[in-house]
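Have a look at this one before I ask anything.
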Protein chains: 2
Amino acid sequence: MEERTEIASLGEFGLIDHLTKNNETKNASTILSVGDDAAVMDHFGRQTVISTDLLLEGVHFDLSYTPLKHLGYKAVVVNVSDIYAMNATPTQITMSIGFSNRFSLEALDEFYEGVYAACEKYQVDLVGGDTTTSLRGFVISVTAIGEVAPDSYVKRSTAQPNDLICVSGELGGSFLGLTLLEREKRIFEETGAQPDLEGQAYIVGRLLKPEARKDIVEYFAEENIVPTSMIDVSDGLSSELMHICEKSEVGCVIYEDKLPMADEMKEFAYKLQTDPTACALSGGEDYELLFTVSQTEYEKIRLNPAISIIGYVTAASEGKHLITRGGNKHGLVAQGWNHLNK
Amino acid sequence: MEERTEIASLGEFGLIDHLTKNNETKNASTILSVGDDAAVMDHFGRQTVISTDLLLEGVHFDLSYTPLKHLGYKAVVVNVSDIYAMNATPTQITMSIGFSNRFSLEALDEFYEGVYAACEKYQVDLVGGDTTTSLRGFVISVTAIGEVAPDSYVKRSTAQPNDLICVSGELGGSFLGLTLLEREKRIFEETGAQPDLEGQAYIVGRLLKPEARKDIVEYFAEENIVPTSMIDVSDGLSSELMHICEKSEVGCVIYEDKLPMADEMKEFAYKLQTDPTACALSGGEDYELLFTVSQTEYEKIRLNPAISIIGYVTAASEGKHLITRGGNKHGLVAQGWNHLNK
């Protein structure tokens, strides 16, 4: 039988001690960690970068098909991804959670196992947070802190005409993973049939256990590449590219045949009679990096197999376009995930 | 008739633009504010202090008697209070909110009016956050960032025997304000009678519009006082003092007749046939600063009318005690607000 320890039996401070007992500091920049009114850090002359996300059960995740360990991992990843999108290095996080009494201590342990696994992977220190009960639903709020050499951060607003538009990894998988899991959940609720995820490890993995592109930012540093603008793909490629264009006051052309898509993603899209290109353009939660670089960086970018050059920046007056495989030109539309319209 | 604008009519980015359109930067340390993947700050050789809180409707606040403007103000105050409790200066905050579709744009505007009022008062910049819908309930997550000269922050764990124990302001008012509002809410629900808050502006104000003790930390700087330990009073004086004692491995003696209590607080406590001392010791959310200083600072501390000396630090072996007005010695017990046991 599974063990179930009531969280109230520990009290708030007992719980915090329990959840942080193996929390070791990895970074010299972490001066004072969990256990006081605030944490203290020193980035020793580098600038501090900060980003925060609020994740709510039923809006951002569904616990009926999301293992808590994966959820803890992902909550960290989506935040450090924002730090990488500034061309910075994540160094610390704070993690706050609200949970109802249906959660046992074992459940929170599973969640924190994922949190610590991500902290290990991205070499960030968990330095603070807040734990509280909620009336219902699981609430997660993460703040990620990073560092960057003075004025070396990369904004969304500085793309220049003729720059190359590049994206890391592959697109659209996470969206199809969500589509699959939502379908299987519906079938289970209606018929009691067990989920059939056979052969779909790729798309399910893209949704449940995404990674942030540490490797890309490290490659930039090694090769002395400074992107002219950058953003992470959380709401879908089109939507993010349109942000860059609007903030930078430029236009763009991207090519359908250059969009990086995994075979597993395309196959499942065909199964659903959906266009894989639409998934790549509008599917959210890929957590890839979308960036622009000067054409002078072409040789260096070309050598990294994890980066695809998908188009180029134009003057704002030329608009924002997609050139299809057949050579047709379409206006780009943002159909990102908009939680406000759900 | 009151206007009601649906938030969905703006979309997420329209909403963020609307809520941040008058958001002007006050601090040189704020390098890049709202509008990118992350905010950037530079504390120019000073260390960065960070604290975060998660506030949930029904657990931490009740919208039936909490005006949204006050809630926005308080959400900022409780976080900057943690920064002051490190003897640091708050410089930035991030503010994330989750709200259901029962909230109109006008309601969010009211909330942000309070947020900006607090930012103005404490001279902090709102540099980021997240906005999302929730299935139900209002969710607030705030992270406060501050700065301090290298290694000048004050911890909870460094109180020394013979130090003076001091507290700012007055205690217990917020708890009685909550008791009053909860009582009036119950009466309204049962009988429809309008709340009677006549003459209770002090205790209601202590609950709904607390202030953080900026003035005390500024006084320390002016007078070159460095407390040996410090914490802010959010869970009740006893509970916080016991934290200092446990973390510092010391004991304490405090005197009932030295506990600072407002007349308005005492009068309402007598009305309820409650002991004002119990309210001062165990009532939460006072957001005063509890600190210890070396006896050599006595003359400086004595001169500040906003500071009360309530006792002294002892060796751990002597325990933690309260000396009553009648001269009796009682063991101190922590009965702070524990959301986990609610």
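Given labels modelled 7 Å from the Cα in the Cβ direction, how far is it in nm from residue A:215 to residue B:183?
6.6
Hey, rough spin-label estimate for residue B:28 and residue A:255, points 7 angstrom out along Cα→Cβ, what's it come to in nanometres?
Taking the two extended label points, one gets 5.0 nm.
To continue, here is another question. Taking each label point as 7 Å beyond Cα in the direction of the beta carbon, state the distances from residue B:246 to the same residue in the other copies, shortest first, in nm.
4.9
Going out from 0 in 5 Å bins, what whole percent of all Cα-Cα distances in region A:170-223 drops into each bin?
4, 19, 20, 16, 13, 9, 7, 5, 3, 2, 1
If the cut-off is a Cα-Cα distance under 27 Å, which lysines reach residue A:185, setting aside same-chain residues fewer than 8 apart in sequence?
A:69, A:74, A:209, A:266, A:271, A:342
So what is the relative contact order of region B:7-148, in percent, for Cα pairs below 8 Å that sit 6 or more residues apart?
Working: 254 pairs, mean separation 54.9, N = 142.
With pairs under 8 Å counted, the relative contact order is 39 percent.
Further question: Just need the relative contact order of region B:164-341 here, percent rounded to a whole number, with Cα pairs under 8 Å and 6+ apart.
Numbers: 338 pairs, mean separation 69.0, N = 178.
In percent, rounded to a whole number, it is 39.
Under the 0.36 nm per residue contour assumption, what length would be gained going from the current alpha-carbon distance of residue A:135 and residue A:16 to full extension? Please list the in-between numbers first.
Values: separation 119, 0.36 × 119 = 42.84 nm, distance 1.98 nm.
Full extension from residue A:135 to residue A:16 adds 40.9 nm.
Between residue A:102 and residue A:333, what FRET efficiency comes out of the Förster formula 1/(1 + (r/R0)^6) with R0 = 45 Å and r the beta carbon distance, rounded to 0.05? Don't jump to the answer; show the numbers that get you there.
On the way: r = 41 Å, r/R0 = 0.91.
According to the calculation, E is roughly 0.65.
Okay, next question. Over 20 Å intervals from 0, what percent of Cα-Cα pairs in the protein assembly as shown sits in each interval?
17, 49, 27, 6, 0
Taking the Cα centre of each part, how many Å lie between region B:52-110 and region A:229-293?
Between the Cα centre of region B:52-110 and that of region A:229-293, the gap is 35 Å.
Would you mind counting up the charge near residue A:204? Only other residues with Cβ under 15 Å from its Cβ, with Lys and Arg at +1 and Asp and Glu at -1. Can you show the working numbers first?
Values: positive: A:69, A:74, A:183, A:185, A:206, A:209, A:271; negative: A:62, A:170, A:182, A:184, A:196, A:198, A:211, A:264, A:267, A:285, A:286.
Local net charge: -4.
In nm, what does the list of distances from residue B:215 to its counterparts in the other copies look like, shortest first, when each label sits 7 Å along Cα to Cβ?
Once sorted, the set of distances for residue B:215 reads 5.8 nm.
A further question on this structure: Check which residues have an amide H placed less than 5 Å from residue A:262's amide H, if you skip close sequence neighbours.
Result for residue A:262 returns A:171.
With all protein chains present, how much of the accessible area of region B:164-341 (probe radius 1.4 Å) comes from carbon and sulfur, to the nearest whole percent? Spell out each step's value before the answer.
Numbers: 3860 of 8040 Å².
The computed percentage sits at 48.
Binning at 5 Å from 0, report for region A:196-281 what percent of all alpha-carbon pair distances ends up in each bin.
Over region A:196-281, the share of Cα pairs per 5 Å bin runs 3, 10, 16, 20, 20, 16, 9, 4, 2, 0 percent.
Residue-wise, which Karplus ³J(HN,Hα) couplings in Hz belong to region B:50-62, taking 6.51 cos²θ - 1.76 cosθ + 1.60, θ = phi - 60°, and x for glycine or proline?
9, 8, 9, 9, 10, 10, 10, 4, x, 10, 9, 7, 10
At residue A:324, label 7 Å along Cα→Cβ: distances to the other copies, nm, ascending?
Going from nearest to farthest copy, the values are 8.6 nm.
Using θ = phi - 60° and the Karplus form 6.51 cos²θ - 1.76 cosθ + 1.60, what ³J(HN,Hα) does each residue of region A:43-49 get, whole Hz, x for Gly and Pro?
Result, ordered by residue: 8, 6, x, 8, 7, 9, 10 Hz.
Now a separate question. Just the number, please: buried accessible area between A and B, total of both chains, 1.4 angstrom probe, nearest 100 square angstrom.
Details: alone 16620 and 16600 Å², together 28030 Å².
For A against B, buried area totals roughly 5200 Å².
Given q = 0.11 Å⁻¹, what are the Debye log10 I(q)/I(0) values for region B:164-341, with equal point scatterers placed on the Cα positions and solvent ignored?
Summing over Cα pairs of region B:164-341 leads to -0.49.
Could you do me a favour and compute the accessible area per residue for region A:177-255, 1.4 Å probe, result in Å²?
Working: 3540 Å² over 79 residues.
Dividing the accessible area of region A:177-255 by its residue count gives 45 Å².
In angstroms, what radius of gyration and Dmax does chain A have, counting Cα atoms only?
21.1, 66
Also: Could you work out Rg/(2.2 N^0.38 Å) for region A:7-148, with Rg from alpha carbons only? Before the final figure, lay out each step's value.
Numbers: Rg = 14.7 Å, N = 142, 2.2 N^0.38 = 14.5 Å.
Scaled against compact globular proteins, the figure is 1.02.
Another question about this same structure. Restricting to DSSP loop positions (anything but H, G, I, E, B) with no more than 16 other Cβ atoms inside 10 Å of their own Cβ, which GluC sites (Glu not before Pro) remain in region A:122-215?
Loop-located and lightly packed - A:198.
Tell me the GluC sites (Glu not before Pro) within region B:1-106 that lie in a loop according to DSSP and have at most 15 other beta-carbon atoms within 10 Å. It would help to have the intermediate numbers written out before the result.
Numbers: sites: B:2, B:3, B:6, B:12, B:24, B:57, B:106; in loops: B:2, B:3, B:24.
Passing both the DSSP loop test and the Cβ count: B:2, B:3, B:24.
Now for a separate question. Less than 20 Å from a label point 7 Å out along the Cα-to-Cβ axis of residue A:323: which backbone N atoms in region A:283-298 qualify, by residue?
Label zone hits: A:291-298.
Pop out the ³J(HN,Hα) list for region A:89-104 in order, Karplus 6.51 cos²θ - 1.76 cosθ + 1.60 with θ = phi - 60°, rounded to Hz; leave Gly and Pro as x.
These are the phi-based 3J(HN,Hα) values: 10, x, 10, 9, 9, 10, 10, 10, 9, x, 9, 8, 6, 6, 8, 9 Hz.
The values are calculated or read from the model by the stated rules, or taken from the named source; none is laboratory data. This is a predicted model, so every value here is computed, not measured. Here Cβ is always computed from backbone atoms with ideal geometry, including for glycine, and neighbour counts include all displayed protein chains. Surface accessibility is based on the protein's heavy atoms, side chains included, excluding ligands, DNA and RNA. Shrake-Rupley method; radii C 1.70, N 1.55, O 1.52, S 1.80 Å.
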